[in-house]
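One structure is given below, encoded as structure tokens.
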């Protein structure tokens, strides 16, 4: 039986360092698959009300800064964990933020291109961290 996890990146109070630490924790678990996605603020929710009152409550990614975090996350993630998804999409009429207008395949392509350009890959830093 395969074991998988889902992880939302950008929860209230979460820093980029916290997000990267999740890769370390998940790499220590007996996982086969992982689905990632960005925090989405949905109209009519408590979170939407809280963010309207205090926009600094959450980290607001641009597509570029989210790809940056994903690349750094993947470098730390155990290489045999299959990442099934990088983003999720709520219906536009329900979504407060982020409104990127990009599909999962577009993010996947951007992440792949960024890794290639950097000469990097999933798990590049995982082995280094094990031996540290």
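Restricting segment 63-98 to residues that are outside any loop (DSSP other than H, G, I, E, B) and more than 23 Å from residue 18 (Cβ to Cβ) leaves a set whose member that is modelled with the lowest pLDDT is 95. Restricting the search to segment 68-98, which residues are without any contact (Cβ under 8 Å) to a residue 60 or more places away in the chain, crowded, with 18+ Cβ neighbours inside 10 Å and more than 15 Å from residue 124 (Cα to Cα)? The answer is 86, 87.
All told, residue 25 meets the bar of being surrounded by fewer than 13 Cβ atoms within 10 Å (Cβ to Cβ) and within 19 Å of residue 127 (Cα to Cα). From the list 101, 123, 44, the lone residue that is crowded, with 18+ Cβ neighbours inside 10 Å and part of a loop (DSSP other than H, G, I, E, B) is 123.
The values are calculated or read from the model by the stated rules, or taken from the named source; none is laboratory data. Source: prediction; values computed, not measured. FYI the Cβ positions are ideal-geometry reconstructions off the backbone, even for glycines, and counts take in every protein chain you see.
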